[in-house]
1. With point charges of +1 on the Cβ of Lys and Arg and -1 on the Cβ of Asp and Glu, referenced to the Cα centre of the chain, which listed residue (Y55, H25, G67) lies farthest in the positive direction of the dipole?
2. Where the only charges are on Cβ atoms (+1 Lys, Arg; -1 Asp, Glu), what is the dipole of the chain about its Cα centre, to the nearest 20 debye?
3. Probe radius 1.4 Å, ligands and nucleic acids left out: which of T33, T69 has the largest accessible area, and how do the rest follow?
4. Add -39500 (n - 2.57) for each DSSP H run of 4 or more in the chain, then divide by its residues: what number comes out at 222 nm, to the nearest 500 deg cm²/dmol?
5. If I model a spin label at S42 and K61 as a point 7 Å from the Cα along the Cα→Cβ vector, what separation in nanometres do I get?
6. Run the 1.4 Å probe and let me know the accessible area of K61, rounded to the nearest 10 Å².
7. Scan the chain and note any complete DSSP helix (H) whose C-alpha atoms cover at least 15 Å along its axis and whose Kyte-Doolittle average is -1.0 or more.
8. Which three extents, in whole angstrom, do the alpha-carbon atoms of the chain cover along their principal axes, largest first?
Amino acid sequence: MSGVPHSSNELSPDAQRLLAHLQEHPNEQFTVTQLVAVLGGSEDEVKVSAEALAYQGEIEKERPEGGETVYSRPRRT
């Protein structure tokens, strides 16, 4: 995927804030709309950041059956 950073050191400021928020709320699931409400910015910016982080394996992306896509960061031990 072109333009996707290979490590969290290469993340945009928006993606870094998103990752930090999810790290502070492990195991909680958030929709893009919820993340925009918390972090600000546009829905497109948040979605691009979330997709990049999910692609890297930094966060998890799930789409519950019949539901909206949610993003989370599992607690890592």
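1. H25
2. On the way: 7 positive and 13 negative charges, 50 e Å.
In debye, rounded to 20, the chain gives about 240.
3. Details: T33 80, T69 30 Å².
Largest to smallest exposure gives the sequence T33, T69.
4. Details: 3 runs with 34 residues, N = 77.
Counting only the DSSP helices, I get -13500 deg cm²/dmol.
5. In this crude spin-label approximation the distance works out to 1.9 nm.
6. For K61, the solvent-accessible surface is approximately 100 Å².
7. On the way: long enough: 13-24 (16 Å, -0.69); 43-56 (20 Å, -0.42).
Helices meeting the criterion: 13-24, 43-56.
8. If we take the Cα atoms of the chain, the spans are 32, 32, 23 Å.
The values are calculated or read from the model by the stated rules, or taken from the named source; none is laboratory data. It should be emphasised that the depicted structure is a prediction, and the values quoted were computed from it without experimental measurement. FYI the Cβ positions are ideal-geometry reconstructions off the backbone, even for glycines, and counts take in every protein chain you see. Keep in mind that these areas ignore ligands, DNA and RNA; they rest on the heavy atoms of the full protein, side chains included. Shrake-Rupley method; radii C 1.70, N 1.55, O 1.52, S 1.80 Å.
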